[in-house]
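The values are calculated or read from the model by the stated rules, or taken from the named source; none is laboratory data. Small disclaimer: the values here were computed from a predicted structure and weren't measured. No Cβ is skipped: glycine too gets one built from the backbone with ideal geometry, and neighbour counts run over all protein chains shown. Side chains included, ligands, DNA and RNA excluded: accessible areas come from the protein's heavy atoms. Shrake-Rupley method; radii C 1.70, N 1.55, O 1.52, S 1.80 Å.
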Amino acid sequence: MTELLVLESVSVRRGTKLVLENHDFTLNSNEIVLMVGRNGSGKSTMIEAACGLLRLESGSVLAYGQLIKD
(Lines give C-alpha, C1' and ligand atoms only; values in the text may rest on other atoms or scores of the structure.)
Protein backbone atom coordinates (compact mmCIF):
# COMPACT_ATOMS: atom_id res chain seq x y z
CA MET A 1 0.00 0.00 0.00
CA THR A 2 1.21 3.48 -0.84
CA GLU A 3 1.20 6.21 1.79
CA LEU A 4 -0.61 9.18 0.25
CA LEU A 5 -0.50 11.54 3.22
CA VAL A 6 1.46 11.33 6.47
CA LEU A 7 1.35 13.72 9.41
CA GLU A 8 4.16 13.05 11.88
CA SER A 9 4.06 14.51 15.40
CA VAL A 10 2.12 17.54 14.15
CA SER A 11 1.28 20.27 16.64
CA VAL A 12 -0.76 23.32 15.61
CA ARG A 13 -1.64 26.39 17.63
CA ARG A 14 -4.64 28.61 16.87
CA GLY A 15 -4.11 31.84 18.76
CA THR A 16 -3.00 30.83 22.22
CA LYS A 17 -4.73 27.42 22.14
CA LEU A 18 -2.79 24.29 21.16
CA VAL A 19 -5.40 22.51 19.01
CA LEU A 20 -3.32 19.54 17.83
CA GLU A 21 -0.49 18.16 19.93
CA ASN A 22 1.92 15.55 18.57
CA HIS A 23 -0.75 14.23 16.21
CA ASP A 24 0.07 11.35 13.83
CA PHE A 25 -2.05 10.38 10.85
CA THR A 26 -1.46 8.19 7.79
CA LEU A 27 -3.71 7.88 4.76
CA ASN A 28 -2.89 4.96 2.48
CA SER A 29 -4.05 4.32 -1.06
CA ASN A 30 -7.38 2.48 -1.31
CA GLU A 31 -8.55 3.86 2.05
CA ILE A 32 -11.60 5.96 2.79
CA VAL A 33 -11.44 8.10 5.92
CA LEU A 34 -14.28 9.66 7.89
CA MET A 35 -13.37 12.28 10.46
CA VAL A 36 -15.84 12.71 13.28
CA GLY A 37 -15.67 14.66 16.50
CA ARG A 38 -17.17 17.48 18.51
CA ASN A 39 -16.88 21.12 17.52
CA GLY A 40 -13.38 22.32 18.30
CA SER A 41 -11.80 18.87 18.35
CA GLY A 42 -9.32 19.69 15.55
CA LYS A 43 -10.87 18.17 12.40
CA SER A 44 -10.59 21.32 10.26
CA THR A 45 -7.25 22.21 11.80
CA MET A 46 -5.80 18.84 10.77
CA ILE A 47 -7.02 19.26 7.18
CA GLU A 48 -5.76 22.85 6.94
CA ALA A 49 -2.37 21.85 8.40
CA ALA A 50 -2.10 18.94 5.93
CA CYS A 51 -2.82 21.33 3.04
CA GLY A 52 -0.15 23.77 4.22
CA LEU A 53 -2.66 26.49 5.12
CA LEU A 54 -1.61 26.61 8.78
CA ARG A 55 1.82 27.01 10.32
CA LEU A 56 2.97 23.92 12.19
CA GLU A 57 4.18 24.41 15.74
CA SER A 58 6.14 21.18 15.26
CA GLY A 59 6.12 18.03 13.16
CA SER A 60 5.98 17.43 9.42
CA VAL A 61 3.58 16.64 6.59
CA LEU A 62 4.49 14.36 3.68
CA ALA A 63 2.48 13.77 0.50
CA TYR A 64 3.46 10.77 -1.60
CA GLY A 65 6.65 10.54 0.47
CA GLN A 66 7.71 14.12 -0.28
CA LEU A 67 8.08 16.63 2.54
CA ILE A 68 5.62 19.46 1.94
CA LYS A 69 5.63 21.15 5.33
CA ASP A 70 7.78 21.11 8.46
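The HN-Hα couplings worked out from phi for segment 31-38 by the Karplus form 6.51 cos²θ - 1.76 cosθ + 1.60 (θ = phi - 60°) are 10, 10, 10, 10, 9, 10, x, 5 Hz, whole numbers, x standing for Gly and Pro. The residues of the chain have, on average, 70 Å² of accessible surface per residue, using a 1.4 Å probe with all protein chains present. Within the chain, the longest run free of trypsin sites (Lys or Arg not before Pro) that sit in a DSSP loop with at most 14 other Cβ atoms within 10 Å is 1-37. Across segment 22-70, Cα pairs under 8 Å and at least six residues apart give a relative contact order of 23 percent. In a reduced charge model with +1 at each Lys and Arg Cβ and -1 at each Asp and Glu Cβ, the chain shows a dipole moment near 400 debye about its Cα centre. For the chain, the residue among 36, 23, 64 whose Cα projects farthest onto the positive side of the dipole built from Cβ charges is 36. Counting only protein heavy atoms and a probe of 1.4 Å, the accessible surface of the chain is 50% carbon and sulfur.
Under Stokes-Einstein, with the Kirkwood radius over Cα pairs standing in for Rh, what whole-number D in µm²/s applies to segment 4-45 at 37 °C and 0.692 mPa s?
Result for D is 284 µm²/s.
Taking each residue as 0.36 nm, the span from residue 60 to residue 22 lengthens on full extension beyond its C-alpha to C-alpha distance by 12.7 nm. Mind grabbing the base-10 log of I(q)/I(0) for the chain at q = 0.21 Å⁻¹? Debye formula, identical points on the C-alpha positions, no solvent, two decimal places. So the normalised log intensities work out to -0.87.
Between the amide H of residue 14 and those of 19, distances stay under 5 Å, these residues lying 5 or more places away or on another chain, with hydrogens modeled in the peptide plane. Here the sum of -39500 (n - 2.57) over DSSP H runs of 4 or more residues, divided by the residues of the chain, equals -3000 deg cm²/dmol at 222 nm, to the nearest 500.
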